[in-house]
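Comments concern the structure below.
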Amino acid sequence: MSELLVDFITSLDGCASGEGWPGFWGLEGPEYLGWLGEQPKVTYLMGANTYRLMSGFAAGEVPAGQDEFRPEEETSVDELTQASKVVFSASLEEPLSWANSTLVRGNAVEAVRALKSEDSGLLSTIGSLSLSRSLLRAGLVDRFRVVMFPVITGATGAERIYDGYPDVALEMIDHRTFDGRIQLVEYRPRVLEYPPLGAPG
């Protein structure tokens, strides 16, 4: 049976991106990039918005405010192109132009439940905030990993990750610091019906 990892890179205040900021907030270092290069092979899960954004990067569309990709960004996009990807969308049309991408229509939660039972590899979300939230609510997420970059994007932050989440208890299973500034935390999540002091009497 597959494991499902929800994987985010965020600012300290929980935003997935910020207007005017480069990829990795421009703060990736050799330790972090080395760790990225050591990650096991995964099948990435994403929704239509993430697919449109990332496939655009793969086709050479440079993020707003940049003249060209930095080498670290090019490497990241190239690795994503080579990886297997499952895209959940009712609006995209086949065939998908991004290599190694499979389009799945219908209920994403049920499709991921089936993928987990049929395969033995690692599944991982990339971006796709609403998809990740739905999978967590459904109890399908085995590991929840966040890499926090040392910036607060109070004025420019976008894609607030935790808005709309249920209450979740998190059991830490890993943590480390990269390059003296980037913090990884990894948990086993457990969705709560109610907070500890809110249990029905």
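Ranked by the mean number of other Cβ atoms within 10 Å of their residues, highest first, the peptides 173-182, 28-37 come out as 28-37, 173-182. Choose one answer from 17, 117, 134: the residue with the largest mean-square fluctuation in a GNM of the chain with alpha-carbon springs under 10 Å. Taking springs between Cα atoms under 10 Å, the residue moving most is 117. Computed extension length for residue 183-residue 13: 59.9 nm, one decimal, from 0.36 nm per residue of separation with the Cα-Cα distance subtracted. Segment 5-61 and segment 73-148 have Cα centres spaced 14 Å apart.
Please label the shape of segment 9-72 as rounded, prolate or oblate, based on the square roots a ≥ b ≥ c of the eigenvalues of the alpha-carbon gyration tensor (a/c under 1.5 means rounded; beyond that, a/b larger than b/c means prolate, else oblate). In terms of gyration-tensor shape, rounded. Using the Cβ-Cβ distance between residue 1 and residue 67 with R0 set to 45 Å, the FRET efficiency from 1/(1 + (r/R0)^6) comes to roughly 0.50.
Test of understanding: express the Cα radius of gyration of the chain as a ratio to 2.2 N^0.38 Å, with N the residue count.
Values: Rg = 17.2 Å, N = 201, 2.2 N^0.38 = 16.5 Å.
The chain yields a ratio of 1.04.
Pick from 136, 184, 45: which is most flexible by mean-square fluctuation in a GNM of the chain where alpha carbon atoms under 10 Å apart are linked? Among 136, 184, 45, the largest GNM mean-square fluctuation belongs to 184. Set the Förster distance to 25 Å, then compute FRET efficiency between residue 152 and residue 175 from the Cβ-Cβ distance, nearest 0.05. After rounding to 0.05, the efficiency reads 0.75.
In segment 96-150, the alpha-carbon atoms span a convex hull of 129 Å³ per residue. When a/c reaches 1.5 or more, the comparison of a/b and b/c decides; with that in mind, is segment 109-201 rounded, prolate or oblate per its Cα gyration tensor? Oblate is the answer for segment 109-201, as a/c is 1.5 or above yet b/c matches or exceeds a/b. Considering only beta bridges that DSSP places wholly inside the chain, some 45 percent are antiparallel.
Assuming R0 = 35 Å, can you tell me the calculated FRET efficiency for the pair residue 36 and residue 193, based on Cβ-Cβ distance, to the nearest 0.05? Can you show the working numbers first?
Working: r = 36 Å, r/R0 = 1.03.
Given R0 = 35 Å and the Cβ-Cβ separation, E is 0.45.
For segment 43-79, the set of GluC sites (Glu not before Pro) satisfying both a DSSP loop assignment and a count of at most 13 other C-beta atoms within 10 Å is given as 61, 68. The residues neighbouring residue 141, those whose beta-carbon lies less than 11 Å from its own, together hold a net charge of +4 under the Lys/Arg +1, Asp/Glu -1 convention.
Gain on full extension, evaluated as 0.36 nm per residue between residue 102 and residue 130 minus their Cα-Cα distance, stands at 8.2 nm.
Summing +1 for each Lys or Arg and -1 for each Asp or Glu among the other residues whose beta-carbon sits under 13 angstrom from that of residue 32 gives -3.
Read-outs throughout are calculated quantities, based only on the coordinates presented, and are distinct from any laboratory measurement. Every value quoted in this text rests on a predicted model; they were computed, and no experiment measured them. Virtual Cβ from ideal backbone geometry, glycine too; neighbours counted across all protein chains shown.
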